[in-house]
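The values are calculated or read from the model by the stated rules, or taken from the named source; none is laboratory data. These numbers come from a predicted model, not from an experiment. Cβ sites come from the backbone with ideal geometry, for glycine too, and all protein chains shown count toward neighbours. Keep in mind that these areas ignore ligands, DNA and RNA; they rest on the heavy atoms of the full protein, side chains included. Shrake-Rupley method; radii C 1.70, N 1.55, O 1.52, S 1.80 Å.
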Amino acid sequence: MIRSFFVSLFFFFGPALLLFMLRNLMLLLLLKAKAKQEKVAEVEVIDITPVKKDRAPTWFYALVVVISLSCATTVFMNLERGGAEVQHYVPAHTDASGNIIPGEWKSKP
C-alpha cells in the first residue's frame with residue numbers, strides 16, 4: 001500500500017514537472033524567435049514601457065492537475081489490483097541427459 005502510494009506520487013509529480021518544463025521550453029523558444037526578429041529589424045526607438053509579467057494562465061494549472069491526477073490514479077489502481085501471479089526464478093541447470101536448460105520464471109503452486 002505504501003509502495004503504491006509513493007509510486008502514485010511519482011506519477012503525479014512527474015507529468016506536472018514535465019508539463020511545466022515544456023511550457024518553459026516553449027516560452028524560451030518564443031523569446032529566442034522574437035529576439036531574432038527584433039535583431040533583424042534593428043529599431044532605433046528605445047521602448048521603456050513597463051512589461052507586466054503574469055503567471056501562467058489558470059487553465060494551464062488546471063490541465064496540469066487533471067493530467068497528473070489521472071496518471072497517479074491509474075497507476076495506483078493498477079498497482080492495487082493485485083492480480084499478479086506469484087512466480088519464482090529457476091536458475092539455469094542441466095537435466096538428466098546433460099542438456100543445458102536456461103533460467104526461467106515459473107509460477108508457484
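What does the accessible area per residue of segment 1-102 come to in Å², with a 1.4 Å probe and no ligands, DNA or RNA counted? List each step's numbers first, then the result.
On the way: 8990 Å² over 102 residues.
Normalised by residue count, the accessible surface of segment 1-102 is 88 Å².
Taking the Cα centre of the chain as the origin and placing charges on Cβ (Lys, Arg +1; Asp, Glu -1), which of 33, 78, 6 is farthest toward the positive end of the dipole?
33
Taking the chain as a Gaussian network, Cα atoms linked when under 10 Å apart, which of 17, 31, 69 shows the biggest mean-square fluctuation?
Result for the chain, Cα springs under 10 Å: 31 fluctuates most.
Radius of gyration and Dmax for segment 24-76's Cα atoms, expressed in Å?
18.3, 59
Computed from the coordinates I sent, P(r) over Cα pairs in 10 Å bins from 0, in percent equals one of [x] 10, 11, 10, 10, 10, 9, 8, 7, 6, 5, 5, 4, 3, 2, 1; [y] 15, 47, 31, 7, 0; [z] 11, 20, 18, 16, 14, 10, 6, 4, 1, 0. Tell me the label.
[z]
Using a ≥ b ≥ c from the Cα gyration tensor of segment 64-109 (square roots of the eigenvalues), is it rounded, prolate or oblate, where a/c under 1.5 gives rounded and otherwise the larger of a/b and b/c decides, a/b for prolate? Walk me through the numbers before you get to the answer.
Values: a/c = 9.10, a/b = 3.47, b/c = 2.62.
Because a/c hits 1.5 or more and a/b exceeds b/c, segment 64-109 counts as prolate.
How high is the FRET efficiency between residue 73 and residue 1 when r is their beta carbon distance and R₀ equals 22 Å, given to the nearest 0.05?
Values: r = 15 Å, r/R0 = 0.69.
Calculated value: 0.90.
If packing is taken as the mean number of other Cβ atoms within 10 Å per residue, what is the order of 5-14, 48-57, 20-29, highest first?
Working: 5-14: 15.2, 48-57: 6.7, 20-29: 10.9.
Averaged packing, sorted descending, gives the order 5-14, 20-29, 48-57.
Would you please name the GluC sites (Glu not before Pro) within segment 9-109 that are DSSP coil residues with at most 15 other C-beta atoms within 10 Å of their C-beta? Numbers along the way, then the final one.
Details: sites: 38, 42, 44, 80, 85, 104; in loops: 42, 44, 85.
Sparse-neighbourhood loop GluC sites (Glu not before Pro): 42, 44, 85.
Let me spell out the model: positive unit charges on the Cβ of Lys and Arg, negative unit charges on the Cβ of Asp and Glu, origin at the Cα centre of the chain. What dipole size does that give, in debye rounded to 20? Before the final figure, lay out the partial values.
On the way: 12 positive and 9 negative charges, 53 e Å.
Here the size comes out at about 260 debye.
Below 8 Å, C-alpha to C-alpha, sequence gap of six or more: please give me the relative contact order for the chain in percent. Mind dumping the intermediate values first?
Values: 68 pairs, mean separation 37.4, N = 109.
Value for the chain: 34 percent.
Of 48, 18, 66, whose Cα points farthest to the positive end of the dipole of the chain (charges on the beta-carbon: +1 Lys, Arg; -1 Asp, Glu; origin at the Cα centre)?
It is 48.
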